[in-house]
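The values are calculated or read from the model by the stated rules, or taken from the named source; none is laboratory data. Here the structure is a predicted model, which means the values were calculated and not measured. Please note: Cβ atoms are built from the backbone with ideal geometry, for glycine as well, and neighbour counts cover all protein chains shown. Accessible surface is based on the protein model in full, side chains and every heavy atom, while ligands, DNA and RNA are left aside. Shrake-Rupley method; radii C 1.70, N 1.55, O 1.52, S 1.80 Å.
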Amino acid sequence: MAQRSSFPLGGLAGRPQLPYLFVVGVTGLAAVRCLLQPVLEGSADLTRLYRNKSTHHQGSCETEAKLASSFDFWTLSSESLIAVLPVDPVKENYVRKVKNCIFSVVFPTPFKSRVRLVAVSKEVLEDILDLDLSVSETDDFFQLVSGEKIVFGSIPLAHRYGGHQFGIWADQLGDGRAHLLGIHMNRRGEKWELQLKGSGKTPYSRNGDGRAVLRSSVREFLCSEAMHYLGIPTSRAASLVVSDDEVWRDQFYNGNVVKERGAVVLRVAKSWFRFGSLEILAHDGELDLLRTLLDFIIQEYFPSVDAKEPNRYVDFFSIVVSETARLIALWMSVGFAHGVCNTDNFSLLSITIDYGPFGFMEAYNPDFVPNTSDDESRYKIGNQANIGMFNLNKLLQALSPLLDPRQKQLAAQILEGYPGLYYTRFRELFKAKLGFLGEKEGDDELIAFFLHLMEETEADFTMTFWQLSEITQSQLLELSIPQQLWALKKISEHKLFAAWVSGYLLRLKSNMNDSDSKRRKRMAIVNPRYVLKNWMAESAVQKAEMNDFSEVRLLQQVLQRPFQKNPAAEKAGYSSPPPSWAKDLRVSCSS
């Protein structure tokens, strides 16, 4: 794996270098169902939510642009996937090695006990799924999002994939506790794939029970929505439900098994295909299927790539390299550490997926590791760019059997350009965070210098940048930091802070047609005031465990407007230093 020196940014001699943190609705459904009938037999106990056939054709033109108040006119389909991509012929749901297919048909396992709705995303329901918020109050909705029933047109699927976990090939992984319900094409013509997470065992469950617990599900629901509002490509969360079913977890892998409650998140994305979707096929020598899947992915999700072009796989790889670099730079700009950057957790569409033991860095620390299971700190925040390079190299290895020698050479050259792409995006983001306009010599040095001061003072990453957007240039010139700007005040105690301020103010003067008020407004829209820090999520989880979902919903509301002050958030202390009990808070991979 590349060392930190592999991605030098440069800088002037004698000054701090950039810390290594920054190294890098449906026709043909009946026919498809006939083909799958042997697989679907035995699933009749899981009743479908059928549309009201007597009203199916009434007023369809009038309802096209309206939000559905029920599932009567709402469509979901698995056809576009299973009509092209092969399905596992084995109909029984037991753990096994699966070959020569992309999906297994497997139905969710309903909870046995009472189910409660913890939270819903109004925007996901209305803007993505065309469902009026009132639908979330219906029994049909509860049955859908908890895995008790499925809607008309849905054939639930579990996806087969493999991956490199912590740098080692782990062979078959797959959706061990997730069920792809189908695709909804909304009124804008967008296709969104709906997936339940925590909805029961599949052929890919290995030694797991197919369930997710409330603790991890609250974190996934909140963080996927928070990342969206921060402007970072991500899967979305439509709903979160919790049951009274008992789920047993050894949270910190220390032999202390405790009882928790099962929960399910309904999450949506344009696609759930990931690097490991291609790796498993290449590893098992299923090259015809690899080509079929690649062509399908290009046709469906990469419109800028000519599907008939002989170099289409190289063009596809080029986009994935570029967008992966952009995604990781965006993560770094908000201090986000994914926690488990395995190849099976990297999306081919370069969106953030599979929220496990993630963490937003609080006190600035390039060695921040959010995952207690990461004993060697492989996925520390300062190594994410390097891991991106590692994962892309594994993706290229999976593509290689389909490339001729010249195409392999082109793809290798594209991968070599990854560090430059990453740094370009990183620099753009951090220059904006500091309020710089244009390009000036010494910008890299000022960024590196500021981060160096943050690291030595352990200043809060999020709040230091936010408070820099609040303070005036005159206050900075006088080194007069108000007490309420606690994070900036902490960094100001460094002996080199005055030297940095001098260079910073000089750089701001070079901004053309700018003013201090413009600078502050500009910085305030790129530097969030609120991110989902671990202690905030933990506080919400503790209350949710006692069936008090108020803080989950408060955080959801606050994180929808991360750049704006919120009185309720201020009262809850979300922009204050973390409470004393949060000092040694850890995040477990067990979920």
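Just to be sure I understand the filter: pairs with C-beta atoms under 7 Å, separated by 6 or more residues or on different chains, first member in segment 388-412 and farther than 14 Å from residue 310 by Cβ, second member open to solvent by 50 Å² or more (accessible area, probe 1.4 Å). Which pairs pass?
Once the first residue is farther than 14 Å from residue 310 by Cβ and sits in segment 388-412, its partners that are open to solvent by 50 Å² or more (accessible area, probe 1.4 Å) give 390/1; 400/408; 401/287.
What residue, of 406, 378, is charged (D, E, K, R), at pLDDT 95 or above and open to solvent by less than 40 Å² (accessible area, probe 1.4 Å)?
On the way: 406 fails: open to solvent by less than 40 Å² (accessible area, probe 1.4 Å).
Of 406, 378, the one residue that is charged (D, E, K, R), at pLDDT 95 or above and open to solvent by less than 40 Å² (accessible area, probe 1.4 Å) is 378.
Quick check on residue 326: is it over 25 Å from residue 461 (Cα atoms) and among the basic types (Lys, Arg)?
Working: over 25 Å from residue 461 (Cα atoms): no; among the basic types (Lys, Arg): yes.
Criteria not met by residue 326.
Restricting to segment 327-375, and then to whatever is of a type in the set (Ser, Thr, Tyr), buried (at least 21 other Cβ atoms within 10 Å of the Cβ) and under 25 Å from residue 579 (Cβ atoms), can you tell me which residue is modelled with the lowest pLDDT?
Restricting to residues being of a type in the set (Ser, Thr, Tyr), buried (at least 21 other Cβ atoms within 10 Å of the Cβ) and under 25 Å from residue 579 (Cβ atoms), the top hit is 364.
Given the condition on the phi > 0 side of the Ramachandran plot and open to solvent by 10 Å² or more (accessible area, probe 1.4 Å), answer yes or no: does some residue in segment 411-420 qualify?
For segment 411-420, residues on the phi > 0 side of the Ramachandran plot and open to solvent by 10 Å² or more (accessible area, probe 1.4 Å): absent.
Which of the residues belonging to segment 305-336 are of a type in the set (Phe, Trp, Tyr) and more than 14 Å from residue 407 (Cβ to Cβ)?
331, 336
For residue 309, work out the one condition from (1) surrounded by fewer than 18 Cβ atoms within 10 Å (Cβ to Cβ); (2) in a helix (DSSP H, G or I); (3) charged (D, E, K, R) it doesn't fulfil.
For residue 309, the exception is condition (2).
So which of 437, 453, 485, 506 is farther than 19 Å from residue 365 by Cβ and in contact with a helix residue (DSSP H, G or I) (Cβ under 6 Å, 6 or more places away or on another chain)?
Answer to the selection: 485.
Can you tell me which residue in segment 552-572 is most open to solvent (accessible area, probe 1.4 Å), limited to those that are farther than 17 Å from residue 122 by Cα and outside any loop (DSSP other than H, G, I, E, B)?
Top of the filtered list is 571.
Exactly one condition in (1) part of a loop (DSSP other than H, G, I, E, B); (2) over 18 Å from the mean Cα position of the chain (by Cα); (3) not basic (Lys, Arg) is false for residue 422; which is it?
Only one criterion in (1) part of a loop (DSSP other than H, G, I, E, B); (2) over 18 Å from the mean Cα position of the chain (by Cα); (3) not basic (Lys, Arg) is unmet by residue 422, namely (1).
Which ones in segment 509-526 are open to solvent by less than 20 Å² (accessible area, probe 1.4 Å), in a helix (DSSP H, G or I) and in contact with a Phe, Trp or Tyr (Cβ under 8 Å, 6 or more places away or on another chain)? Full working, then the answer.
Of all residues in segment 509-526, those open to solvent by less than 20 Å² (accessible area, probe 1.4 Å) come to 511, 519, 523.
With the extra rule that they be in a helix (DSSP H, G or I), the set shrinks to 519, 523.
Of everything in segment 509-526, just one residue is open to solvent by less than 20 Å² (accessible area, probe 1.4 Å), in a helix (DSSP H, G or I) and in contact with a Phe, Trp or Tyr (Cβ under 8 Å, 6 or more places away or on another chain), namely 523.
Of everything in segment 134-160, what is in contact with a Ser or Thr (Cβ under 9 Å, 6 or more places away or on another chain) and open to solvent by 20 Å² or more (accessible area, probe 1.4 Å)? Give them in sequence order.
134, 138, 140, 142, 143, 148, 149, 152
When you go through (1) modelled with pLDDT under 95; (2) assigned to a helix (DSSP H, G or I) one by one for residue 501, which number turns out not to apply?
(1)
Look through 464, 472 and report the one residue that is buried (at least 19 other Cβ atoms within 10 Å of the Cβ) and β-branched (Val, Ile, Thr).
Values: 472 fails: buried (at least 19 other Cβ atoms within 10 Å of the Cβ).
464 is the lone residue from the list that is buried (at least 19 other Cβ atoms within 10 Å of the Cβ) and β-branched (Val, Ile, Thr).
For residue 531, are the conditions met, namely being crowded, with 17+ Cβ neighbours inside 10 Å and farther than 21 Å from residue 357 by Cα? Show your work before the answer.
On the way: crowded, with 17+ Cβ neighbours inside 10 Å: yes; farther than 21 Å from residue 357 by Cα: no.
No, not satisfied.
Return yes when residue 495 is open to solvent by 20 Å² or more (accessible area, probe 1.4 Å), among the charged types (D, E, K, R), assigned to a loop (DSSP other than H, G, I, E, B) and modelled with pLDDT of 95 or more and no when it is not.
When the stated conditions are applied, residue 495 passes them.
Taking segment 177-210, which residues are open to solvent by 20 Å² or more (accessible area, probe 1.4 Å) and not in a strand (DSSP E or B)?
Scanning segment 177-210 gives 177, 187, 188, 189, 190, 201, 206, 207, 208, 209.
Is it the case that some residue within segment 51-62 is at pLDDT 90 or above, touching an Asp or Glu at 6+ places or on another chain (Cβ under 8 Å), surrounded by 14 or more Cβ atoms within 10 Å (Cβ to Cβ) and not in a strand (DSSP E or B)?
no
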